[in-house]
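S.K.: Starting off with a structure, shown below.
The values are calculated or read from the model by the stated rules, or taken from the named source; none is laboratory data. Predicted, not measured: the structure shown is a model, and the values here were computed from it. As a convention, Cβ positions derive from the backbone with ideal geometry for all residues, glycine included, and neighbour counts pool all protein chains shown. What goes into the accessible areas is simple: the full protein's heavy atoms, side chains included, and nothing from ligands, DNA or RNA. Shrake-Rupley method; radii C 1.70, N 1.55, O 1.52, S 1.80 Å.
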Amino acid sequence: MDGPLCLLVVSTLLTVARSTPVGDEFKATLTNMGPSSVFRGESIRLTCHVTDPRSTWEHVWFRGDRRLDPRGELTILSTVFGDAGNYTCRGERRGAGGIIYTPKSLPHIISIDMGNVLLTVRQPVLVGATLAARCRVRGAPMLTEVDLYKDNVLVSSRTDGMADFTLPNVNLTYQGTYHCLAGWFDGQQNLAKSLGNPVTVKEVVSKPIVSLVVNANTKPKDMTLNCTFTFTKPDPAAVVHVYFYRDVRKLEGTARSQKRATLVVLAKEGAYRCRARVPSLNLDQWSEPWDYRP
C-alpha cells in the first residue's frame, strides 16, 4: 500500500510543477484581423501577442473552456455554425520548473450568420464618436436599396448601391438593437433583413465618484481623497488627468490614471469634488460633491 500511495503523491506533485501560472506582468492580447460576424463559409483569423520582449511564447487558443489544437495564429478558412463562440488565447513556454502560462486574454466573440443579410457595427461605440455600420449581403450582389433600423425605427436609407452607414456625434440615446433591410437584384428582385445587432454606447470617461478617508492618527489631521471612474481608451495616446477641488478651489496635485486617483491633503471643512479630464478629446466629467464637516 505504501509504494503505490507514494507514487501517486509524487505523480501529483510533478503534474502541478509542470504547469504553473505567471503573474499579471505578462499579458496575452487577442486581435481579430477581420470582422467579428461572418457568413457561414467565410474565414476568420485571430492573432495573439504576449507582452514580453525577452522570451518567445507559444500561443494557445480556447473556444469557451475547450482548448483548441492550433498554435500561433488561429485561422479558420471555411467557418461552420459550431465555430461561433467566445475565443481567448494565452501564452505558454517552458521554464526551469516545467510549463508556465499567462492569464487568458480578454474574450472575443465570433458569430456565424446562417442567413443572407448581415449587419456589422464597429465596436466599441463611444459617446462623441461615430457609429459605423455595414449591411452585407451574401455573395455581394448589386444592391438596389438598403435601410438601417434602430429598435425597428428607420434611421437611414441608401439607394446608391452602397451599404455603409455612419452616424456622427453619438450620445447615449443611440444605444439599442440595430438591423438592416437589403434589396438586391440577381436576375430577380430580393428583399431580406439581418438579425438584430445589440449596440452598447459607452462613455469615454464615466462620471467619477469622490470619497474621502480622514486619517485621525496624524497631527494635524489629514485626509485621503479618492476619485474612481471607468475609462474606455479611444486611442493609445489618450490619458485621463484627475484634479481635486475643495469648494471652488483646485487643490495642488494632478494624477494620471486609468481608473483611480488619490490625493492626501489637510482635513478641512468643505465640499470636495474630483474632475476627470481627457485633454486630447476635450472631455470633462465631474463627480458629485462630498461634504466634509468635522
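S.K.: State the Cα centre-to-centre distance between the stretch 128-195 and the stretch 61-89 in whole Å.
M.R.: When both Cα centres are located, 29 Å separates them.
S.K.: Longest exposed-loop-site-free stretch of the chain, with GluC sites (Glu not before Pro), DSSP loop and at most 15 other Cβ within 10 Å?
M.R.: The longest uninterrupted stretch comes out as 74-251.
S.K.: Return the subset of 150/207; 207/259; 202/259; 150/193; 202/250; 221/250 for which the Cα-Cα distance in this structure is over 18 Å, preserving the input order.
M.R.: Violating the 18 Å limit, Cα to Cα: 150/207; 202/250; 221/250.
S.K.: Another question about this same structure. Could you state how much accessible area residue 134 has, in square angstrom rounded to the nearest 10, with a 1.4 Å probe and all protein chains kept in place?
M.R.: Spelled out: residue 134, probe radius 1.4 Å, area about 120 Å².
S.K.: Run the 1.4 Å probe and let me know the accessible area of residue 59, rounded to the nearest 10 Å².
M.R.: In the full protein context, residue 59 sits at about 40 Å².
S.K.: Hey, another quick one. With a 1.4 Å probe and all protein chains kept in place, how do 278, 265 rank by accessible area, largest first?
M.R.: 265, 278
S.K.: Where the only charges are on Cβ atoms (+1 Lys, Arg; -1 Asp, Glu), what is the dipole of the stretch 23-67 about its Cα centre, to the nearest 20 debye?
M.R.: Roughly 240 debye for the stretch 23-67.
S.K.: Using the crude model of +1 on Lys and Arg Cβ and -1 on Asp and Glu Cβ, and no other charge, please compute the dipole size for the chain relative to its Cα centre, in debye to 20.
M.R.: The dipole of the chain has a size of about 860 debye.
S.K.: Calculate how large, on average over all directions, the projected area of the Cα convex hull of the stretch 93-248 is; give the answer in nm² to one decimal.
M.R.: Here the figure is 18.4 nm², rounded to one decimal.
S.K.: Continuing with this model, one more query. Of 259, 207, which has the most accessible area with a 1.4 Å probe, and how do the rest follow in descending order?
M.R.: 259, 207
S.K.: Also: Tally the DSSP beta bridges in the chain and give the antiparallel ones as a percent, rounded to 5.
M.R.: So the antiparallel bridges in the chain amount to around 90 percent.
S.K.: Computing the accessible area with a 1.4 Å probe over protein heavy atoms, can you report the carbon and sulfur percentage for the chain?
M.R.: Roughly 55 percent of what the probe reaches on the chain is carbon or sulfur.
S.K.: Would you mind classifying the stretch 73-130 by shape? Square roots of the alpha carbon gyration tensor eigenvalues, ordered a ≥ b ≥ c; an a/c under 1.5 is rounded, otherwise it is prolate if a/b is larger than b/c and oblate if not.
M.R.: oblate
S.K.: Is the stretch 163-294 best put as rounded, prolate or oblate by its Cα gyration tensor, with a ≥ b ≥ c the root eigenvalues, rounded for a/c under 1.5, and otherwise prolate when a/b is larger than b/c, oblate when not?
M.R.: prolate
S.K.: Over the chain, average the accessible area per residue using a 1.4 Å probe and give it in Å², no decimals.
M.R.: For the chain, the per-residue accessible area is 59 Å².
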